[in-house]
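*Asks:* Here it is: the structure, laid out below.
The values are calculated or read from the model by the stated rules, or taken from the named source; none is laboratory data. Nothing here was measured: the structure is a model prediction, and the numbers come from that model. For neighbour counting, all protein chains shown are included, and Cβ atoms are generated from backbone atoms with ideal geometry for every residue, glycine included. Note: accessible area is taken over every heavy atom of the protein model, side chains too, but ligands, DNA and RNA are not part of it. Shrake-Rupley method; radii C 1.70, N 1.55, O 1.52, S 1.80 Å.
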Amino acid sequence: MKKIAVLGSTGSIGTQTLEIVRTNGDIEVTALAAGNNISLLEEQIREFRPKLAAVWTEERAAELKSRVADLDVKIVSGMDGLLAVAAEPEARILVTAIVGMIGILPTIEGIKAGKDIALANKETLVTAGHIIMPLAERYRVSILPVDSEHSAIFQSLQGGQQKALHKILLTASGGPFRGRKREELQNIRPEDALKHPNWTMGRKITIDSSTMVNKGLEVIEAKWLFGVTVDQIQVVVQPQSIIHSMVEYEDGAVIAQLGTPDMKLPIQYALYYPERRYLPGERLDFGALTQITFEKPDMETFCGLKMAYEAGRQGGTLPTVFNAANELAVSLFLDRKIGYLQISEIIGACMEAHRNIPDPDVETILKTEQETYEFIKNRW
């Protein structure tokens, strides 16, 4: 029986991971970690009976401990709690479904503990890919992508010809504002940006999809996952979200992975790799599918994508600045403290003001994150 630990169990990816566990019946959950949603976490503990569970604050941990006092489960908190879940001795796969750079240290801990990483925390590779990928190789563990696009690339490379890879074609839906120009986005409200046409995701990633910053983060992540330069990654808008990404080989052949927009497919593929299993759900009906269309991304209107390419080319601490500035700007937008277009303006201002540090260690990465937050708080 497979044994897994899940960081971010109450979020979108975490809950869908547990749906797959529930459906298949041959995976044991040994540890769970969540933020502050202890009501849902309690339900998960009672259903899946992990040995260890973590929440962020000591107060929430004390409350959860009282709620599950009748169960044989250890409750921990804070970063130490996340690290304990990441290193839980029995788990062989660590699902990193936690959002933000908070995922870096637990991912490193999981790798050092010999866990394969089912990676849904893109910020880890965006900011620390130069640390994570060599570390995974050193400890001989696999990094299994859970993002639908990166899973599609991973699946398209299963012929074993990665050395012949010429280009990655990373698809994007275009989000809810595809086709609009910058002046048309002036008065966008959070509720407008949260209406994704194809995917159901968490609030932060849904906003990132609307600005195409999410696609920029995926470009940088793909650079590390697949050992390519950012200029070997071409973003292609595919509005129907049928083609999840493609690989072009040296001979011009293009291999694509197609499917319905369902995150459970890449999650299940990561958990059972290299096995493919039956997955209940809707199937593509090519008789009813009248067309699959493609467009070039508008990098002037959605300039976050353009800035991501620049951050990915330069490397160092600049991707951390890009990511951290976006995280705080999105939070400010969701709290209605800034306008929609200010998200990209803040990212650009932070990148322009930053003095890049090459090959940063984890301490420098986390310090850069805090400096970026301070820069924004002092100006907006």
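*Asks:* Using a 1.4 Å probe on the protein chains only, how many percent of the accessible area of segment 237-287 belongs to carbon and sulfur? The partial results should precede the final answer.
*Replies:* Working: 1380 of 2560 Å².
Of all accessible area on segment 237-287, carbon and sulfur atoms account for 54 percent.
*Asks:* For segment 277-371, run through the trypsin sites (Lys or Arg not before Pro) and keep only the ones in DSSP coil with at most 12 other Cβ atoms within 10 Å of their Cβ.
*Replies:* Numbers: sites: ARG277, ARG283, LYS306, ARG313, ARG336, LYS337, ARG355, LYS367; in loops: ARG277, ARG283, ARG336, LYS337, ARG355.
Of the trypsin sites (Lys or Arg not before Pro), the ones in loops of segment 277-371 whose Cβ has at most 12 other Cβ atoms within 10 Å are ARG277, ARG283, ARG336, LYS337, ARG355.
*Asks:* Here is a further query. Apply the Debye scattering formula to the chain, with a single equal point scatterer on each alpha-carbon and no solvent, then give log10 I(q)/I(0) at q = 0.08 Å⁻¹.
*Replies:* -0.39
*Asks:* A follow-up question, please. At 1.4 Å probe radius, can you tell me the per residue accessible area of the chain in Å²? Don't jump to the answer; show the numbers that get you there.
*Replies:* Values: 16670 Å² over 380 residues.
Value for the chain: 44 Å² per residue.
*Asks:* Calculate the dipole size of segment 37-181 relative to its Cα centre from +1 charges on Lys and Arg beta carbons and -1 charges on Asp and Glu beta carbons; express the result in debye to the nearest 20. Numbers along the way, then the final one.
*Replies:* Working: 18 positive and 17 negative charges, 150 e Å.
Computed charge dipole of segment 37-181: roughly 720 debye.
*Asks:* Oh, and also: If you take the beta carbon distance between GLU363 and THR293 as r and set R0 to 41 Å, what does 1/(1 + (r/R0)^6) give as a FRET efficiency, to the nearest 0.05? Please report the intermediate quantities before stating the final value.
*Replies:* Values: r = 46 Å, r/R0 = 1.13.
Given R0 = 41 Å and the Cβ-Cβ separation, E is 0.35.
*Asks:* What is the set of long-range amide H partners of GLY100 at a cut-off below 5 Å, with H atoms built 1.01 Å from backbone N?
*Replies:* GLU123
*Asks:* Using the Cα centre of the chain as the reference point, and only Cβ charges (+1 on K/R, -1 on D/E), how large is the resulting charge dipole? Debye, rounded to the nearest 20. Don't skip to the answer; put the middle values down first.
*Replies:* On the way: 41 positive and 49 negative charges, 42 e Å.
With Lys and Arg at +1 and Asp and Glu at -1, about 200 debye.
*Asks:* Starting from one equal scatterer on each C-alpha and no solvent at all, send me the Debye-based log10 I(q)/I(0) for segment 140-194 at q = 0.13, 0.23, 0.29 Å⁻¹, two decimals.
*Replies:* After summing over all Cα pairs, the log10 values are -0.57, -0.95, -1.23.
*Asks:* How large a share of the accessible area of segment 317-380, in percent, is made up of carbon and sulfur atoms when the probe is 1.4 Å and the other protein chains stay in place? Don't skip to the answer; put the middle values down first.
*Replies:* On the way: 1430 of 3120 Å².
Roughly 46 percent, rounded to a whole number.
*Asks:* Normalised by the number of residues in segment 1-62, what is the relative contact order in percent for Cα pairs under 8 Å and 6+ residues apart? Please report the intermediate quantities before stating the final value.
*Replies:* On the way: 83 pairs, mean separation 21.0, N = 62.
Here the relative contact order equals 34 percent.
*Asks:* Please check the chain for the longest run free of GluC sites (Glu not before Pro) that are loop-located per DSSP (anything but H, G, I, E, B) and have at most 11 other Cβ atoms within 10 Å. Let's see the in-between values first.
*Replies:* Values: sites that count: GLU250, GLU275, GLU282, GLU300.
Answer - 1-249.
*Asks:* Quick one: what are the phi-derived ³J(HN,Hα) couplings along segment 83-94, Karplus 6.51/-1.76/1.60 with θ = phi - 60°, whole Hz, x for glycine and proline?
*Replies:* Karplus values, whole Hz, x for Gly and Pro: 5, 5, 5, 4, 9, 3, x, 7, 5, 9, 10, 10.
*Asks:* Next question. Hey, any idea what the orientation-averaged projected area of the convex hull of segment 103-170's Cα atoms comes to, in nm²? Present the calculation step by step, with values, prior to reporting the outcome.
*Replies:* Values: hull surface 19.2 nm².
Its average projected convex-hull area is 4.8 nm².
*Asks:* Now for a different question. Suppose each label sits 7 Å from its Cα in the direction of the beta carbon; what would the LEU279-ASN37 distance come out to in nanometres?
*Replies:* 2.0 nm
*Asks:* Of all accessible surface on segment 63-123 at a 1.4 Å probe, what whole percent is carbon and sulfur?
*Replies:* Working: 1130 of 2270 Å².
Carbon and sulfur: 50 percent of the exposed surface of segment 63-123.
*Asks:* Segment 131-165: which trypsin sites (Lys or Arg not before Pro) are DSSP loop and have at most 10 other beta-carbon atoms within 10 angstrom? If you can, show how the numbers build up before the last one.
*Replies:* Values: sites: ARG138, ARG140, LYS163; in loops: ARG140.
Sparse-neighbourhood loop trypsin sites (Lys or Arg not before Pro): ARG140.
*Asks:* Of the DSSP beta bridges with both residues in the chain, give the percent that are antiparallel, rounding to the nearest 5. Each step should come with its number before you reach the end.
*Replies:* Values: 10 of 39 bridges.
In the chain, DSSP labels about 25 percent of beta bridges as antiparallel.
*Asks:* Which cross-chain or sequence-distant (5 or more) residues have an amide H under 5 Å from the amide H of LYS2, H modelled 1.01 Å from N in plane?
*Replies:* GLU28
*Asks:* Something else now. So, with +1 on the Cβ of K and R and -1 on the Cβ of D and E, and no other charges, what is the size of the charge dipole of segment 12-59 about its Cα centre, to the nearest 20 debye?
*Replies:* Working: 4 positive and 8 negative charges, 24 e Å.
Here segment 12-59 has a charge dipole of around 120 debye.
*Asks:* Could you state the number of Å between the C-alpha centres of segment 309-380 and segment 141-155?
*Replies:* Distance between centres, Cα-based: 26 Å.
*Asks:* Continuing with the same structure: What is the distance in Å between the Cα centroid of segment 73-126 and that of segment 179-257?
*Replies:* 25 Å
*Asks:* I would also like to ask the following. From the helices alone, meaning DSSP H stretches of at least four residues, give me the mean residue ellipticity at 222 nm for the chain, per-run term -39500 (n - 2.57), in deg cm²/dmol to the nearest 500. The partial results should precede the final answer.
*Replies:* Numbers: 15 runs with 171 residues, N = 380.
After summing the helix terms and dividing by residue count, I get -14000 deg cm²/dmol.
*Asks:* Select from segment 231-338 those chymotrypsin sites (Phe, Trp or Tyr not before Pro) which occupy a DSSP coil region and have at most 14 other Cβ atoms within 10 Å, ordered by residue number. Present the calculation step by step, with values, prior to reporting the outcome.
*Replies:* Details: sites: TYR249, TYR269, TYR272, TYR278, PHE286, PHE294, PHE302, TYR309, PHE322, PHE333; in loops: TYR278, PHE286, PHE294, PHE302.
In loop regions of segment 231-338 (DSSP not H, G, I, E or B), the sparsely surrounded chymotrypsin sites (Phe, Trp or Tyr not before Pro) are TYR278, PHE286, PHE294.
*Asks:* Which FRET efficiency, nearest 0.05, do ASP335 and LEU135 yield, Cβ-Cβ r, R0 22 Å? It would help to have the intermediate numbers written out before the result.
*Replies:* Numbers: r = 36 Å, r/R0 = 1.63.
The pair ASP335/LEU135 has a calculated efficiency of 0.05.
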